[in-house]
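A quick write-up on the structure given underneath.
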Amino acid sequence: MAVAIEIPKEYGYVLLVLVFYAFLNVWMGIQVGKARKKYKVPYPTMYAVESENKDAKLFNCVQRGHQNSLEVLPVFLATLLVGGLQHPLVAAGLGLVYSFGRLFYFRGYATGVPDNRMKLGGIYVIGYLGLIICTAKLGINLLC
């Protein structure tokens, strides 16, 4: 049996959150590029080696802040877009919490003190888990 999906007009907020995160992701990538120049870590080197570069930890923290965001990006995008079909305003709000959490996570990590990433950055987990719940709820409702 097929299920028809009607996209509510509020889904536009979900798409705007996606656009916001796209710009955030580009900004983080630019910060990594600047760190490459500042700490002299040439492409294609992914991580600096401390025995070869006195600023390796500082660069690696910037790199990891962005890399970690990329590692969870597919699940974030899927849950934002799918969960937003049934709960667009909730998903958009959770997507903003996730996005700002990721911004704080990145900025904290980029200080060179890895523990700083979770001071404010840990709020991304609220958005992430909330989006997973929205998507699970949609899946359950489709099956019932």
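Of note:
- Residues (more than 15 Å from LEU131 (Cα to Cα) and in contact with a Lys or Arg (Cβ under 8 Å, 6 or more places away or on another chain)) located in segment 81-115: PHE104, TYR105, PHE106, GLY108, TYR109, GLY112, PRO114
- Any hit, segment 99-111, residues being closer than 22 Å to PRO8 by Cα, touching a residue at least 60 places away in the same chain (Cβ under 8 Å) and not aromatic (Phe, Trp, Tyr): no
- Residue in segment 58-76 that is touching a Leu at 6+ places or on another chain (Cβ under 6 Å) and buried (at least 22 other Cβ atoms within 10 Å of the Cβ) present: no
- Of the residues in segment 94-106, at least one is touching a Cys at 6+ places or on another chain (Cβ under 8 Å), modelled with pLDDT of 95 or more and not aromatic (Phe, Trp, Tyr).
- Any hit, segment 36-48, residues being over 16 Å from PHE20 (Cβ atoms), among the polar types (S, T, N, Q) and modelled with pLDDT of 95 or more: no
- Of the set (1) surrounded by fewer than 22 Cβ atoms within 10 Å (Cβ to Cβ); (2) touching a Cys at 6+ places or on another chain (Cβ under 6 Å), all apply to ALA91 but (1).
- Residue match in segment 104-118 (condition: exposed (fewer than 15 other Cβ atoms within 10 Å of the Cβ) and on the phi > 0 side of the Ramachandran plot): yes
- Inclusion of ARG102 among residues that are basic (Lys, Arg) and either over 24 Å from GLY33 (Cα atoms) or over 11 Å from the mean Cα position of the chain (by Cα) (or both) is not warranted.
- A Cβ distance below 6 Å, combined with a sequence gap of six or more or placement on separate chains, defines the contacts here; from segment 23-46, residues that are in contact (Cβ under 8 Å) with a residue 12 or more places away in the chain reach residues that are surrounded by fewer than 17 Cβ atoms within 10 Å (Cβ to Cβ) in the pairs TYR39/ASP55.
- Residue that is farthest from VAL113 (Cα to Cα) [pool: residues in segment 23-57 that are β-branched (Val, Ile, Thr) and crowded, with 16+ Cβ neighbours inside 10 Å]: VAL41
The values are calculated or read from the model by the stated rules, or taken from the named source; none is laboratory data. Note that the coordinates shown come from a computational prediction; the quantities given were computed from them, not determined experimentally. So basically every Cβ, Gly included, is an ideal-geometry build from the backbone, and we count neighbours across all protein chains shown.
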